[in-house]
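Presented below is the structure to which this report refers.
The values are calculated or read from the model by the stated rules, or taken from the named source; none is laboratory data. Just so we're clear, the structure is a prediction, and the values are computed from it rather than from any experiment. Cβ placement follows ideal geometry from the backbone for every residue including glycine, while neighbour counts extend to all protein chains displayed.
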Amino acid sequence: MQALKTKSNIGEMFNIQEKENGEIAISARELYKALEVKKRFSAWAEINLKHFKENRDFTSVLTSTVVNNGAVRQLEDYALTLDVAKHVAMMSGTEKGFDFREYFIQVEKAWNSPEMIM
């Protein structure tokens, strides 16, 4: 895995958002898709987020997507803290989950490095 040097290339694997308080947020839907989960997103999220506290470990957000007929549909998503994203990736028990956890650790190190804090 390549080293992460700047905030602009930190989000190469996932669309990483910076919250108002400076924390990193990862989309649960993006992680779900990347892990290639076979369950429906709502069932997967319910199982994987049940031990975490809303508004501390994750926040509920609405996203939009365009469906086949061109209409826009609202979807529920969750903005996960980096720690929760690492935990959920490891809970998947897959090689990809392990790789994503390693990636999130690199993101955290890069994000907290002295060069990035300035």
Q) Of everything in the range 31-65 that's acidic (D, E) and touching a Ser or Thr at 6+ places or on another chain (Cβ under 7 Å), which residue is surrounded by the fewest Cβ atoms within 10 Å (Cβ to Cβ)? A) E54
Q: Show the residue pairs that are 6+ apart or on different chains and have beta-carbon atoms under 8 Å apart, the first residue being within the range 11-29 and under 22 Å from T65 (Cβ atoms) and hydroxyl-bearing (S, T, Y), the second being in a strand (DSSP E or B) and modelled with pLDDT under 80.
A: S27/Q17
Q. Being out of contact with any Asp or Glu (no Cβ under 6 Å at 6 or more places or on another chain), buried (at least 18 other Cβ atoms within 10 Å of the Cβ), without any contact (Cβ under 8 Å) to a residue 40 or more places away in the chain and under 19 Å from I26 (Cβ atoms), is that true of even one residue in the range 67-83?
A. no
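Taking the range 21-70 as the region of interest, how many residues are among the charged types (D, E, K, R) and part of a loop (DSSP other than H, G, I, E, B)?
Adding up the residues that qualify gives 9.
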Q) Hey, which of the helices (runs of 4 or more DSSP H) in the range 72-118, taking only ones fully inside, have at least 2 residues that are modelled with pLDDT of 85 or more and touching a strand residue (DSSP E or B) at 6+ places or on another chain (Cβ under 7 Å)? A) 82-91
